[in-house]
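The values are calculated or read from the model by the stated rules, or taken from the named source; none is laboratory data. The model shown is predicted, which means the values in this text are computed figures rather than measured ones. Cβ coordinates were reconstructed from backbone atoms using ideal geometry, including for glycine residues, and neighbour counts include every protein chain displayed. In case anyone asks, the SASA skips ligands and DNA or RNA and just uses the protein heavy atoms, side chains included. Shrake-Rupley method; radii C 1.70, N 1.55, O 1.52, S 1.80 Å.
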Amino acid sequence: MDNIEALSPKPDEFVENKNSRHPKGLWVLFGTEMWERFNFYGMRALLTLFMVNSLLIKEADAAIIYGGFLALCYLTPLLGGFIADKYIGNRNAILIGGSLMAIGQFLLFISASTFSADLGSSKMIMWLALFVIIFGNGFFKPNISSMVGSLYPKQEKSKLDSAFTIFYMGINIGAFLGQFICPYVGDVKDAATGVRDIFAFKWGFLAASIAMIIGTVTFFILKNKYVVNPEGRPIGGLPKNNTSADFEEGETQTAKFSGLSLGITGVIFVVLFFAFRYLLVGEFGFKAVEMGQLIKGIIYPFIYAAGISLAFLIMSSAENKIERQRIWVIYIVSFFIIFFWAAFEQAGSSLTFIADNQTDRNIFGWNMPPSMVQIFNGIFVVLLAVPFSLTWDKLRTKGREPVSPFKQAMGLALIALSYFIIAHNVKDLGNSGLLAIKWLMLLYFIQTCGELCLSPIGLSLVGKLAPKRFASLLYGVFFISNAAGYALAGSLGALIPATGDKFTKAQEIGVNLQDVLDKKVTLTAEQTEAFEKAQLPLHNPTFAGFEIHNLFEFFMVFVVLCGIAAVILGLISPILKKMMHGVK
């Protein structure tokens, strides 16, 4: 049915409207992605708070679990992209992925409904839910992105930067709705006492599940009419139905990997896995059983090793110098944006904990839920996406548009600036001061500008440079840089030092927390047990051999990492431009 309808469209069903700049199929994909992002970001806003308050997981462990979960969500697109390219096609992969994510969110609803009766079972259901969402995202994410570029004729590929910026606006309309509605119904505190209702999280997860159902059904209904190329043939159908017209002239239509390349890839993966494991947890074996150590010692090394080894595998299939250098550009840019996402994704862990524990969230008499503070990112993207798109278009017509890697260097520089500003505003807070919410709003505004310089431009860059025969797989490789960034975000988020609420809890136990952190006192066995129960730290976190004493030092870590990455990427942008061989 898909192919018959798409191959013989009626005149009024043609996607390409001569009077509009973008095909109607873009808006179908826009809407589908919008509901998926509602689902994902709505759940993301609540996840760490649910783990800490309902499932009684430590903040540091929750940050690591959160980073590992997000990382795997952006690692599985490699698998989903490969299966779609080789067997089932983009359309079927999107439908499978959307269905799995809806099921996963419903499992989180069950977990949040049963933890008071059986905490152990509730935790197991949460793990199952995250597992299902991870694979659902793997099927969904690379395939919907790779379909955007196919909507445009070859002579209009220059429109992809603005198309992906518009597509990115759909992502963030969904993020805005999810980050408003899910916390509104799921992160509830008593107005008089300020005590959180730990049983309300389930309603946020249920709202996320319903949103994913809406998005999947919308795509299923509209895909045949609008998700077609300019000639009216279906985009994302079964790979066996592809024709030579779907590929660039002279391009091989099937990715081929030799047995030798597969073998070398396997060896590289194993060696790198154990090398990264040793670097992260200090052991080659598997003695550690603590949850945070398991994630850092298994999931994180798997992600880093998979990214490098699969990059080698794809490069082994490159057919000529131009194709090889274009793929190298994707890899190089992907490496640098790891640092962007490591900083940006503090939104769901350390920045949420700071918003919860050491921020004055009063806005015109309304105390905003801490999980909702992330909403400013979605708001600013919705407001700024079209102006950014028009700016790139205007600069392009004047021949002054920056090359894509330089745009991404600008994004890294902006996120470094955002943390530099917030670092200086928390410098004198002490243990009891509250950060004004306006500074978090400014942080999200600057980070949003950086995001619009980096993320949609990166999606567009892959669409322009990737060979068609493994476009979805290369989108998967691009997303693995997100995965590596999220893994790093989890590790860095766990470095957050004690916030004001921790000092208050320690006083209730009868101990000065600062004396404990400064190693001036030794706790009794009873006090140590009380600290463990209250989830209080016994020492300051360390990074690269440096002890982090306060929030100022914590935020400066991101300033240094992203600032250095921005400078290096900006300097090598002219070299990358040459390697792109005419692709703008």
Scanning region 359-372 for residues that are touching a Leu at 6+ places or on another chain (Cβ under 6 Å) and either closer than 18 Å to Gly204 by Cα or crowded, with 22+ Cβ neighbours inside 10 Å (or both), which turns out modelled with the highest pLDDT?
Thr359
Could you tell me which numbered condition Ala102 fails, if it satisfies all but one of (1) closer than 27 Å to Tyr300 by Cβ; (2) among the aliphatic types (A, V, I, L, M); (3) touching a Ser or Thr at 6+ places or on another chain (Cβ under 7 Å)?
(1)
Might you let me know whether region 224-232 holds any residue that is surrounded by fewer than 16 Cβ atoms within 10 Å (Cβ to Cβ), out of contact with any Lys or Arg (no Cβ under 9 Å at 6 or more places or on another chain), closer than 30 Å to Ser317 by Cα and modelled with pLDDT under 95?
yes
Determine which single condition Leu119 fails, assuming it passes every other condition in (1) in contact with a Ser or Thr (Cβ under 8 Å, 6 or more places away or on another chain); (2) in contact (Cβ under 8 Å) with a residue 24 or more places away in the chain; (3) open to solvent by 10 Å² or more (accessible area, probe 1.4 Å).
(1)
Given (1) open to solvent by 10 Å² or more (accessible area, probe 1.4 Å); (2) touching a Phe, Trp or Tyr at 6+ places or on another chain (Cβ under 6 Å), where does Pro77 come up short, assuming only one miss?
(1)
Within region 332-364, the count of residues that are part of a helix (DSSP H, G or I) and on the phi > 0 side of the Ramachandran plot comes to 0
Keeping to region 374-397, report how many residues are within 19 Å of Leu351 (Cα to Cα) and in contact with a Cys (Cβ under 9 Å, 6 or more places away or on another chain).
1
Of all residues in region 536-559 being without any contact (Cβ under 8 Å) to a residue 24 or more places away in the chain and in contact with a helix residue (DSSP H, G or I) (Cβ under 9 Å, 6 or more places away or on another chain), the one that is surrounded by the fewest Cβ atoms within 10 Å (Cβ to Cβ):
Ala544
What tally of residues in region 383-412 results from selecting those that are open to solvent by 50 Å² or more (accessible area, probe 1.4 Å) and under 24 Å from the mean Cα position of the chain (by Cα)?
5
Residues of region 26-50 being touching a Ser or Thr at 6+ places or on another chain (Cβ under 9 Å) and either closer than 14 Å to Pro234 by Cβ or modelled with pLDDT under 85 (or both), in sequence order, are Val28, Leu29
Please go through region 413-423 and give me each residue that is buried (at least 19 other Cβ atoms within 10 Å of the Cβ) and either within 16 Å of the chain's Cα centre (by Cα) or β-branched (Val, Ile, Thr) (or both), ordered by number.
Ile415, Ile422
Restricting region 182-200 to residues that are under 17 Å from Ile375 (Cβ atoms), more than 20 Å from the chain's Cα centre (by Cα) and not basic (Lys, Arg), which is surrounded by the most Cβ atoms within 10 Å (Cβ to Cβ)?
Gly186
If we scan region 363-376, do we find a residue that is of a type in the set (A, V, I, L, M), touching a helix residue (DSSP H, G or I) at 6+ places or on another chain (Cβ under 6 Å) and free of Cβ contacts under 8 Å to residues at least 60 places away in the same chain?
no
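Each row is one residue, and each column tells you yes or no for (1) within 25 Å of the chain's Cα centre (by Cα); (2) at pLDDT below 90.
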| residue | (1), (2) |
| --- | --- |
| Ile480 | yes, yes |
| Ala487 | yes, yes |
| Thr504 | no, yes |
| Thr522 | no, yes |
| Leu538 | no, yes |
| Met556 | yes, no |
| Lys584 | no, yes |
